[in-house]
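Participant: One structure coming up, written as structure tokens, with questions to follow.
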Amino acid sequence: MNVFIDQMVEFKDRFFRFGGSMPLFLNLLGDDELMKFMVEAVNQKLDVNPFEQTVEEQIAALRVQNVAGNWGISEDVFERLAQTAPAWPKGKDAYRSLRIRFGEGDDGVALTFERHADAVKRVHTKFWRWDLLLSAKTPYNGEDVERLRLLNGNHTHHATVEWVTIDFSANRKRTDITSVRGSKSLADEGLVLAWLFPKRVKAIDYNKWSAWYCAGYELNVPGDGDEPWQDVPCVDRLLDDGTTNLSADWRSTDRSGYSVPLLRE
């Protein structure tokens, strides 16, 4: 990257304006360890996630939804979470979050999706859900048609409440969703993020802060395309009025305003 003279002058002006002195400037130029310390400190500051939450804040948010949704999570689970929380992960868009699943198999997948979708609606006063984003078998042309499934298979769905860590910046540049999705792609974990981190949702601008696909899900929308299971649920936002959306997009999309996040576990 080229640094022009006017940028160097601006840097010098800012350095002195915010308390820098000539002795400090000369020390930085003459002391490699001091310069290294300064650069590392700045990089660390730039890498801080502005949406970071304490363990206590996250457990408190879960308690609210547990009561509001009548989820039935017991006190011993909250105590276990408090004792086993991992450190906040490094990365400007990395998160410590939760996997919260209810029930087993097919029924559990649908129940979990609906409970988290309801939680997202409770947290975000402006909310819209695509009417074809359905979680359970629904009639179509006289037959019950499966609508939502896990990419890893519904047989992998088991009731649990546990910590996860997530890289939210992953796979913004891609040819399509299909080529970057896999066993660690978010499913219901992406919905948890929407109600656990409402400020992150409100920050979505499709530039600095992306929307995201829950690519651990596959969505079947009969009549939408020539093949089944072509759609992927997503969490995004309308910029004109701030509405939080639960929607879906074709798995062939390459839109860089949306990430395809991965679990770090």
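Participant: Which of the residues belonging to the stretch 181-232 are more than 19 Å from ASP167 (Cβ to Cβ) and crowded, with 19+ Cβ neighbours inside 10 Å? Before the answer, list the steps.
Facilitator: Restricting attention to the stretch 181-232, the residues satisfying the condition of being more than 19 Å from ASP167 (Cβ to Cβ) are 195, 198, 202, 205, 218-231.
The answer is TRP195, GLU218, LEU219, ASN220, VAL221, ASP231.
Participant: What single numbered condition from (1) part of a helix (DSSP H, G or I); (2) in contact with a strand residue (DSSP E or B) (Cβ under 9 Å, 6 or more places away or on another chain) fails to hold for TRP195?
Facilitator: Just one mismatch for TRP195, condition (2).
Participant: Hey, can you tell me all the residues within the stretch 176-232 that are among the small types (Gly, Ala, Ser), in contact with a Ser or Thr (Cβ under 7 Å, 6 or more places away or on another chain) and farther than 19 Å from ALA117 by Cβ?
Facilitator: SER210
Participant: For the stretch 45-99, which positions are in a loop (DSSP other than H, G, I, E, B) and among the basic types (Lys, Arg)? Break it down into steps so the answer makes sense when it comes.
Facilitator: As a first pass, look at the stretch 45-99 and keep what is in a loop (DSSP other than H, G, I, E, B): 47-54, 69-74, 85-93.
Within the stretch 45-99, LYS90, LYS92 qualify.
Participant: Only one of VAL180, VAL201, VAL192 is over 30 Å from GLU79 (Cβ atoms), out of contact with any Pro (no Cβ under 7 Å at 6 or more places or on another chain) and among the aliphatic types (A, V, I, L, M); which? Write out each step before concluding.
Facilitator: Details: VAL201 fails: over 30 Å from GLU79 (Cβ atoms); VAL192 fails: over 30 Å from GLU79 (Cβ atoms).
After ruling out the rest, the residue left standing is VAL180.
Participant: What's the number of the only condition in (1) within 16 Å of THR178 (Cβ to Cβ); (2) at pLDDT below 95; (3) touching a Phe, Trp or Tyr at 6+ places or on another chain (Cβ under 6 Å) that VAL260 fails to meet?
Facilitator: (2)
Participant: Tally up the residues in the stretch 207-237 that are farther than 13 Å from TRP130 by Cα, modelled with pLDDT of 95 or more and not polar (S, T, N, Q), please.
Facilitator: Looking only at that region, the number is 11.
Participant: So, one more: How about the stretch 239-252: which of its residues are touching a residue at least 24 places away in the same chain (Cβ under 8 Å) and more than 24 Å from THR112 (Cα to Cα)? Walk me through it before giving the result.
Facilitator: Start the filter on the stretch 239-252 by keeping residues that are touching a residue at least 24 places away in the same chain (Cβ under 8 Å), which leaves 239, 241-252.
Answer for the stretch 239-252, where residues must be touching a residue at least 24 places away in the same chain (Cβ under 8 Å) and more than 24 Å from THR112 (Cα to Cα): LEU239, ASP241, GLY242, SER252.
Participant: Follow-up question, since we're still on this one. Looking at ASP107, is it free of Cβ contacts under 8 Å to residues at least 40 places away in the same chain, surrounded by fewer than 15 Cβ atoms within 10 Å (Cβ to Cβ) and under 15 Å from ALA248 (Cβ atoms)?
Facilitator: Values: free of Cβ contacts under 8 Å to residues at least 40 places away in the same chain: yes; surrounded by fewer than 15 Cβ atoms within 10 Å (Cβ to Cβ): yes; under 15 Å from ALA248 (Cβ atoms): no.
When the stated conditions are applied, ASP107 does not pass them.
Participant: Of the residues that sit in the stretch 110-132 and are without any contact (Cβ under 8 Å) to a residue 60 or more places away in the chain and part of a helix (DSSP H, G or I), which one is surrounded by the fewest Cβ atoms within 10 Å (Cβ to Cβ)?
Facilitator: First pass over the stretch 110-132, keeping only residues without any contact (Cβ under 8 Å) to a residue 60 or more places away in the chain: 110-111, 114-115, 118, 121, 125, 131.
Keeping just the survivors that are part of a helix (DSSP H, G or I) gives 110-111, 114-115, 118, 121.
Values: ALA110: 22, LEU111: 18, GLU114: 17, ARG115: 19, ASP118: 15, LYS121: 17.
The residue in question is ASP118.
Participant: Restricting the search to the stretch 157-179, which residues are of a type outside the set (Val, Ile, Thr), part of a strand (DSSP E or B) and surrounded by fewer than 16 Cβ atoms within 10 Å (Cβ to Cβ)? Give the derivation first.
Facilitator: Of all residues in the stretch 157-179, those of a type outside the set (Val, Ile, Thr) come to 157-159, 162-163, 167-174, 176, 179.
Filter once more, so that each one left must be part of a strand (DSSP E or B): 162-163, 167.
Of everything in the stretch 157-179, just one residue is of a type outside the set (Val, Ile, Thr), part of a strand (DSSP E or B) and surrounded by fewer than 16 Cβ atoms within 10 Å (Cβ to Cβ), namely GLU162.
The values are calculated or read from the model by the stated rules, or taken from the named source; none is laboratory data. Quantities reported herein were computed from a predicted structural model and do not represent experimental measurements. Here the Cβ is made from the backbone with ideal geometry for all residues, glycine too, and neighbour counts use every protein chain on show.
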